[in-house]
Amino acid sequence: MAEKNGASPGGVIETRWMEVAVGLLIALLGVLAVTDSHRVGAAWADDGPQSGYFPNIIGWILIGCGAWVVFQQLRRWRQDADKVFVTLHDFRPVLTMLLPTIGYVILISFIGIYVSSAIFIAGFMLFQGKYRWFPTLLVSVGVPFVMFVLFEIWFLVPLPKGPLENLLGY
């Protein structure tokens, strides 16, 4: 494959691989839906459909659609051999947003949403936005504080908490 947009052949993700990956992901979501719908009951009972009846149907539709996407892509494998989905150079900005967001979601389960949000906001303000320390500190502490007051105190909606909130008695 010739160079595209200044990228070397090793620095691209081809369209065919993305289509196969998306098709498999759709089929996997369908398998998850079918499996869970059978757990709660996916049959037609005497009084009508059980709670998993319609999710079961949707799951089978997803499996069929995902398999169809994979089949179509494998059928025309040679036609899409040189179509570039994204180059590594173009994908780096996506990763600079995606990877910290994944880390944020993982941190929520360990240290709670408020402390995780403060770290997440501060990281983006400092490293992506190039803000100075003082505005970063104000915003990264202020936003979680306002979220805490709004949800925990005013609306009485508990959000995931960590050791700091437990230490404070919440």
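Brief remarks on what is shown
- Each of Thr87, Met97, Val141 was placed along the dipole of segment 38-170 (beta-carbon charges, centred on the mean Cα), and the one lying farthest toward the positive end is Thr87.
- Carbon and sulfur %, accessible surface of the chain computed with the full protein complex present, 1.4 Å: 72 percent
- Segment 78-155, relative contact order in percent, only Cα pairs under 8 angstrom and at least six apart counted: 23 percent
- Rel. contact order, % - alpha carbon contacts under 8 angstrom, at least six apart, the chain: 21 percent
- Computed from the C-alpha gyration tensor, the three semi-axes of the ellipsoid equivalent to segment 1-138 are 38, 31, 8 Å, from longest to shortest.
- Two-site FRET efficiency, Arg78 against Leu98, from Cβ-Cβ distance with R₀ of 22 Å, rounded to 0.05: 0.10
- Evaluated with a Cβ-only charge set (Lys, Arg +1; Asp, Glu -1), segment 1-157 carries a dipole of roughly 540 debye about its Cα centre, given to the nearest 20.
- Relative contact order [Cα under 8 Å, 6+ residues apart], segment 38-83, whole percent: 23 percent
- FRET E, pair Trp44, Leu24, Förster distance 22 Å, beta-carbon r, rounded to 0.05: 0.10
- R0 of 22 Å, Cβ-Cβ distance Val31-Ser109: FRET efficiency to nearest 0.05: 0.35
- Per residue, the accessible area of the chain comes to 69 Å², computed with a 1.4 Å probe over protein heavy atoms only.
- Rounded to the nearest 20 debye, dipole of segment 57-106 from Cβ charges on Lys, Arg, Asp, Glu: 160 debye
- For segment 50-100, the normalised intensity computed at q = 0.17, 0.21 Å⁻¹ comes to -0.79, -0.81 (log10 of I(q)/I(0), Debye sum over alpha carbons, equal scatterers, no solvent).
The values are calculated or read from the model by the stated rules, or taken from the named source; none is laboratory data. Keep in mind that what you see is a predicted model, and the values were worked out from it rather than measured. Reconstructed Cβ throughout: ideal geometry from the backbone, glycine too, with neighbour counts over all protein chains shown. Surface areas here come from the heavy atoms of the whole protein model, side chains and all, with no ligands, DNA or RNA. Shrake-Rupley method; radii C 1.70, N 1.55, O 1.52, S 1.80 Å.
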